[in-house]
Amino acid sequence: MKRTMGERVFGGINVILMIGLCVVTLYPFLYVLFASFSDATAFLQNRGLLLAPAGFDLSAYKAVFRNPMIMKGYENTLLYVLLGTAINLVMTAIGAYVLSRPNLYFQHFLMFLIVLTMVFHGGLIPSYLLVNKLGMMNTMWALLIPVAINTYNLIIMRTSFQTIPASLEESARMDGAGEWTILFRIVLPLSMPVIAVMILWYAVGHWNSYFSALVYLRDTEKYPLQLVLRDILIANSTDSMMTGAASDDKYAIGETIKYSTIIVSTLPIICLYPFLQKYFVKGVMIGAIKG
Amino acid sequence: MSKNVGNPALRHTIKTDMKRHWGVYLMALPVLAYYIIFHYGPMYGLQIAFKDFQPSDGIWGSTWVGFKHFESFFNGIYFWRLITNTVLLNLYELLFGFPAAIILALLLNEILKSSFKRIVQSISYLPHFISIVVVAGMMVDFLSRTGLVNQLLGSFGIQPIDFLMEEGWFRFLYVSSGVWQGVGWGSIIYLAAISGIDPTLYEAARIDGAGRWRQTLNVTLPGIMPTIIILLILQMGNMMSVGSEKVLLLYNPLTYSTADVISTYVYRKGVLEASYSFTAAVGLFNSIISFILIVAANKISKRFSETKLW
């Protein structure tokens, strides 16, 4: 296939555009990475675009790892991610299994009940009062239980379960298998791709969420990492982290600490990302086929 | 419904169905309980929008006050500001973010080298997975008076601008950072639609002498049009809702005039200042408008194509 002159020029411009997009997307992260390894005073003198760390100093990272709030936040987030994702997965799988059964009497009613919540919801304040009433205020359960099922994910999983041939299940039923056996021994093992997508979506969601913690948690020692990050990055309170540093160094280190905090908190996602992104994309495709 | 329950034949069917599938019914219980408590519970709680809620009296025991809270919201000084800010943020997102994803998908489709294409795609999805706190934190840092952006502008002799402290910049920053974070992810669905286009259509177009440009215009674009229309309509159904998460991180009292949206107002008044009934009314108003918009959007979507939400 021969390409005309115009097409070749366009192809060249297109490649430049795409490289530009990659630079614009990646550079903010690279800047943060370089700044985090920079020597604080050298960083403040040498401002502007960084193409490498200005000087080299690990004290910002040392300050992060010495900081009890960040470490506690990390620990809390890991717990919330593990527990939250486990709850999500069990509840979503059960729900999807029930909804994928053919000829269940209340099926349509149940589905209607569930889909209605996608278009109408009580909103923040009634949910807040409910969580309060249930005694979950200021506990981690407030972050995990009210979001136990994401309805969109439930529907994706149900669609995937429906593609499993009914004959497999029938023969298992002949052998005396009950519903739980069928779910765990037949349906789930045959749905590993969609399960992987669900784990990733739920886990990333828990890792990144801050709003429900902001609303429901009072004690700072229960704060997830993102809420600690918010205090450091947005409210700009790095002072507590530099106890011991000489006062004129404080401002300087305060700057680089922000960057090392970003790196430390985002590292797990960035590291896992290359391995996981195909699953993320697959999930969108499963959703798209349905939608 | 109630007429049917008295029907003995139907009662018999339900009974045998339950007996035969009792395991499934048992499994449905936790899921049903979850939806009733955590989704329908708050809907029940919405009645406080028509009451003067006192925590000591409970939701049911508080006194009815009719539309008092709605009236004070509609007549309040912030009503139009909140509506304008909410709608404008959505409108700008629709004007810039929506076409950006389509254009990116079309450009990616023109890349012939598949390894390069994959790399660009992977990089462009990345920001979608970065937490909003980190994105907002980077913005606060880069856009501060001494931040990277002002240093770069300064080298062109431009005076430093306190971007996040000035109301005039908020919408631009909110929408452009949204495009930065979401354009790659948004393009996936269009790329999927493009890959679903029948390749013989391209062949036929080539035989008719169409170049890449004409193929894009006459084959690719019509091929993804149903996807575009559906997503467009769905987004229009969302016109009255802006999530509070990102705005809460980026706004401050200086920029409330352009940045304060319904959801952040509800958060401030409700959670921080504890005017529960008033903010429940504000939230209910927002939910009803959104509901109407989504139902209308779904109706239109049904007319345009087979695809619908429900």
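May I ask for the angle, rounded to the nearest 10°, between helix A:247-290 and the longest principal axis of chain A, with both axes built from Cα atoms and the value confined to 0 to 90°?
Once rounded, the angle reads 30 degrees.
How big, on average over all directions, is the shadow cast by the Cα convex hull of the range B:2-66, in nm²?
Here the figure is 6.8 nm², rounded to one decimal.
When chain A is treated as a GNM, springs tying every alpha-carbon pair under 10 Å, which of A:I263, A:I155, A:I182 comes out with the largest mean-square fluctuation?
With Cα springs under 10 Å in chain A, the top fluctuation among A:I263, A:I155, A:I182 is at A:I182.
When each pair of different Cα atoms in chain A is counted once in the 1/r mean, what is the Kirkwood radius in angstroms, to one decimal?
After inverting the pairwise mean of 1/r, the radius is 22.9 Å.
Restricting to DSSP loop positions (anything but H, G, I, E, B) with no more than 10 other Cβ atoms inside 10 Å of their own Cβ, which trypsin sites (Lys or Arg not before Pro) remain in the range B:272-306?
Qualifying residues, ordered by number: none.
Rounded, prolate or oblate for the protein assembly as shown? Axes are the square roots of the Cα gyration tensor eigenvalues, ordered a ≥ b ≥ c, and the cut-off for rounded is a/c under 1.5.
In terms of gyration-tensor shape, oblate.
With each pseudo-label sitting 7 Å past Cα toward Cβ, what's the B:I289-A:Y152 distance in nm, one decimal?
2.2
Can you give the angle from 0 to 90° between the axis of helix A:192-208 and the longest principal axis of chain A, with both taken from C-alpha atoms, to the nearest 10?
That works out to roughly 40 degrees.
Using a 10 Å cut-off around each Cβ of peptide B:137-147, what is the average number of partner chain Cβ atoms that fall inside?
Across the residues of B:137-147, the mean count of other-chain Cβ atoms within 10 Å is 4.
Under a point spin-label approximation (7 Å from Cα along Cα-to-Cβ), what is the A:L82-B:L221 distance to one decimal in nm?
Each label point lies 7 Å from its Cα, and together they span 5.4 nm.
Can you give the calculated 222 nm mean residue ellipticity of chain A, where each DSSP H run of n ≥ 4 adds -39,500 (n - 2.57) and the sum is split over every residue, rounded to the nearest 500 deg cm²/dmol?
Rounded to the nearest 500, the figure is -23000 deg cm²/dmol.
What residue among A:L21, A:L99, A:L83 has the largest mean-square fluctuation in a Gaussian network model of chain A, using Cα springs under 10 Å?
Highest fluctuation of the listed residues: A:L21.
Starting from the range B:39-76, pick out the chymotrypsin sites (Phe, Trp or Tyr not before Pro) whose DSSP state is loop and whose Cβ has at most 16 other Cβ atoms within 10 Å.
Of the chymotrypsin sites (Phe, Trp or Tyr not before Pro), the ones in loops of the range B:39-76 whose Cβ has at most 16 other Cβ atoms within 10 Å are B:F67.
Please work out how much length the chain gains when fully extended from B:W60 to B:L234, using 0.36 nm per residue of separation minus the C-alpha to C-alpha distance, in nm with one decimal.
59.1 nm
Kindly provide the helix-only [θ] at 222 nm of chain B, computed as the sum of -39,500 (n - 2.57) over DSSP H runs of four or more divided by all residues, to the nearest 500 deg cm²/dmol?
-20500 deg cm²/dmol
B:L254 label point, 7 Å along Cα→Cβ, cut-off 18 Å on backbone N: hits in the range A:214-237?
Once the point is set 7 Å along Cα→Cβ of B:L254, A:233-237 turn out to lie under 18 Å by backbone N, inside the range A:214-237.
Which log10 I(q)/I(0) values does the range A:67-237 give at q = 0.13 Å⁻¹ under the Debye formula, counting every alpha carbon as one identical point scatterer?
Treating every Cα as an identical point scatterer, log10 I(q)/I(0) equals -0.75.
Taking the convex hull of the Cα atoms, report for the range A:167-238 its projected area averaged over all directions, in nm².
For the range A:167-238, the mean projected area of the Cα convex hull comes to 7.4 nm².
Considering only B:P222, B:P253, B:P30, give the residue with the highest GNM mean-square fluctuation for chain B, with springs between Cα atoms whenever their separation is below 10 Å.
Of B:P222, B:P253, B:P30, the Gaussian network model singles out B:P30 as fluctuating most.
Ranking B:H39, A:H108, B:H128 by Cβ neighbours within 10 Å, fewest first, what do you get?
A:H108, B:H128, B:H39
Let me confirm one metric for peptide A:92-100, namely the mean number of other chain beta-carbon atoms within 10 Å of its residues' beta-carbons.
4
Once R0 is set to 35 Å, what does the formula 1/(1 + (r/R0)^6) return for the Cβ-Cβ distance between B:K302 and B:I37, expressed as a FRET efficiency to the nearest 0.05?
0.60
Once amide H atoms are built 1.01 Å from N in the peptide plane, which residues 5 or more positions from B:K51, or in another chain, come under 5 Å H to H?
Distant-sequence amide H within range of B:K51: B:V65.
Between B:F79 and A:F112, what is the label-point separation in nm under the 7 Å Cα-to-beta-carbon projection?
3.5
Please report the projected area of chain B's Cα convex hull averaged over all directions, in nm².
Its average projected convex-hull area is 25.8 nm².
Measure nothing but the geometry: give the 0 to 90° angle between the long axis through the Cα atoms of A:124-133 and the longest principal axis through the Cα atoms of chain A, rounded to 10°.
Around 80 degrees separate the two axes.
Take the Cα of A:L267, step 7 Å along the line toward its Cβ, and report every residue of the range A:40-59 whose backbone nitrogen sits under 18 Å from that point.
Answer for this model: A:53, A:56-59.
Any read-out appearing in this document is the output of simple, stated calculations on the displayed coordinates, not a laboratory observation. A quick note: this is a predicted structure, and the numbers were derived from the prediction, not measured. Cβ atoms come from the backbone with ideal geometry, glycine included; neighbour counts cover every protein chain shown.
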